[in-house]
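These notes concern the structure reproduced below.
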Amino acid sequence: MNWLLHPAFTAADWLGLFGHFLLLSLLAIGGAIATAPDMQRYVVEERGWLSDAQFTDSIALAQAAPGPNVLFVAVIGFNAAGLAGVAVTMLGIMLPSTTLTLAVSRYGHRRQGSLPVRAFTAGMSPLTIGLVLATGWLLTEPTRHSPVAWALVAVTVLAMTRTKVSPMWLIGLGALVGATGWI
């Protein structure tokens, strides 16, 4: 693959990639990572531009790097279609959500005490939690067969819900377990 522009992509492929990420942007409640399951469905299962391993590695690489969580979209775009893929996926994921967030936050700030705004805010919490849980489920697929992985998930959930321990310690624990080959 050419690192600048994917030679096998047609105009329809570029438009489809942009359009799909454009639509996902409007569903990205809880951040772009919440839409990872549908990104995986589109670029891996439907289009075949990436393998499951490449997709998971793209997310892992971007999440390990410093910076905003949305960087995984750029890595997926690069792995699927080079630098032009980065531009297309990032523009698609950022344009609608940024525009909508700006408009809605200005509206909500002026009417923050109103019943519709409070109801909307309360209703978004379960949706966000569900989307993030779906992403977590997708990312655990390579290790779901391992009892050690399930133990790590249980320890993480308990630690995050019952203590004030930094998530960095749990990430370190996961890295240590992975490095030792227990998963």
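Bear in mind these aren't lab numbers, they're just calculated from the coordinates by the rules spelled out. Quantities reported herein were computed from a predicted structural model and do not represent experimental measurements. Note: ideal-geometry Cβ built from the backbone for every residue, glycine included; neighbour counts use all protein chains shown.
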Exposed loop chymotrypsin sites (Phe, Trp or Tyr not before Pro) only (DSSP loop, at most 15 other Cβ atoms within 10 Å): please give the longest stretch of the chain free of them, not including the sites. 4-181
If I stretch the segment between Arg111 and Ala134 completely, what's the gain in nm (0.36 nm per residue apart, minus their alpha carbon distance), one decimal? 5.1 nm
Using the basic label-point model (7 angstrom from Cα toward the beta carbon), what is the Leu173 to Leu61 distance in nanometres? 2.9
Note down the nm distance, to one decimal, between modelled labels 7 Å out along Cα→Cβ at Thr121 and at Leu102. 2.3
Just to be sure I follow the definition: excluding the sites themselves, where is the longest run in the chain that has none of the trypsin sites (Lys or Arg not before Pro) in a DSSP loop with at most 10 other Cβ atoms within 10 Å? 1-143
Cβ under 11 Å from Arg47's Cβ, Arg47 left aside: what net charge do those residues give with Lys, Arg +1 and Asp, Glu -1? -2
Debye calc, one equal point scatterer per Cα of the stretch 60-183, no solvent, log10 I(q)/I(0) at q = 0.10, 0.15 1/Å comes to -0.50, -1.01
